[in-house]
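Only the coordinates and a few stated rules stand behind these numbers; no lab work does. All values derive from a computational prediction rather than experimental measurement. Heads up, the Cβs are rebuilt from the backbone with ideal geometry, glycines too, and the neighbour counts pull from every protein chain shown.
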Amino acid sequence: MKFSVEEFRDWKHKKVTLLGMSGVGKTHLSALLRRHQWYHYSGDYRIGTRYLDEAILDLIKAQAMQVPFISELLRNDWIYIRNNIKVSDLGPVLSFVGKLGNPELGGVPLPDFERRQAQYRDAEIAAMHDVPAFIQKGQHIYGYRHFINDVGGSLCELDDPGVIDLLVEHTLMLYIQVTDAAEEQKLIERAQSDPKPLYYRPEFLREQLDAYLSEHGLEYAAQMDPDAFTRWVFPRLFHSRVPRYEAIATHGYTVTSSEVAQVRDEADFLDLLESAIDRTR
């Protein structure tokens, strides 16, 4: 959706999709706006609680069944296991996606990792297709006036134009761009120390895996330290996503992460959006 500043001000039920790398402040902004009559739709939360819920539980149960005491309890239905996913804590989803590398160091073998990556992609596409329905739910069931769509950092990796077309049709697209080198480095360091579920395009993963193995004198992914590979690959993933996000941003508006950091309330957010709209005229 595109607007003039006046049209945006008159938009009675505002609907915004936040785009950008993990860590730029999308969830922080969404949580802030939730206190001001904005329905917060978290793509990652929907993925974990709806589309990967069973797959996550199956993985947990497979591990639990290796413990004789717990396996007897599960087989007799004396206990049950469920996920406890929160918008601010996606631990079960992160555990399911896992990290590629040596299983003895907590890594996931390459075939399993690629299968889980495909499942995650399908789940993210499905979660984005749910946006129109949740726009209606947010307003008509829960009584929220506006809608904020907090998408995962991997939206630009999906290579599914239908998803972008759908979001453009139903929401204003707002890209949060990182322009400062120091801020970019902080973002990379934050993602490395506090990781979120990562999706890699298959071609990108294979290319980077080959480069890492060659650089470190290894033959197989199963020889890699999973944490070391994740730290090594993230800056490359970050920079590969920039042109993809910039292409999506042509359908909407762009603000910087520095501008977003100054937002303290709904009024600040709306002023920032109006500034972004005005800059495109």
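Below is a table of values for the structure above.
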item: Size-normalised alpha-carbon gyration radius of the chain, reference 2.2 N^0.38 Å; result: 1.08
item: Charge dipole of the range 152-281 about the Cα centre (unit charges at C-beta), most positive-ward option of His216, Thr256, Leu167; result: His216
item: Protection proxy ranking, peptides 11-21, 214-224, 155-165, average beta carbon neighbours within 10 Å, highest first; result: 11-21, 155-165, 214-224
item: C-alpha long axis of helix 226-249 to longest principal axis of the chain, angle in °; result: 30 degrees
item: Across Lys61/Lys137; Lys12/Lys137; Lys14/Lys137; Lys12/Lys196, pairs whose alpha-carbon gap is larger than 22 Å; result: Lys61/Lys137; Lys12/Lys196
item: Most fluctuating residue given options Ile47, Ile85, Ile70, as computed from a GNM of the chain linking Cα atoms under 10 Å; result: Ile70
item: Estimated FRET transfer efficiency (Asp77, Arg50; beta-carbon r; R0 22 Å; 0.05); result: 0.35
item: Between helix 202-215 and the chain: long-axis angle, C-alpha atoms, 0 to 90°, nearest 10; result: 60 degrees
item: Gaussian network model of the chain, springs between alpha carbon atoms under 10 Å - residue of Ser42, Ser240, Ser154 with greatest fluctuation; result: Ser240
item: The chain: calculated mean residue ellipticity at 222 nm from DSSP helix runs of at least 4, using -39500 (n - 2.57); result: -17000 deg cm²/dmol
item: Hz values of 3J(HN,Hα) by residue in the range 58-65 - Karplus curve (6.51, -1.76, 1.60), Gly and Pro given as x; result: 4, 5, 5, 5, 4, 6, 5, 5
item: Inter-label distance, nm, simple model (7 Å from Cα along the C-beta direction), Gln185/Ser258; result: 1.6 nm
item: Relative contact order %, the chain, counting alpha carbon pairs below 8 Å whose residues are six or more apart; result: 33 percent
item: Helix axis angle, 266-279 relative to the chain longest principal axis, alpha carbon, degrees; result: 80 degrees
item: Label-point separation, Ala118 to Leu166 (7 Å along Cα→Cβ), nm; result: 2.0 nm
item: Cα radius of gyration and Dmax for the range 132-281 (Å); result: 18.5, 58
item: Leading residue at positive end of dipole, the chain (Cβ point charges), from Thr280, Leu100, Tyr142; result: Tyr142
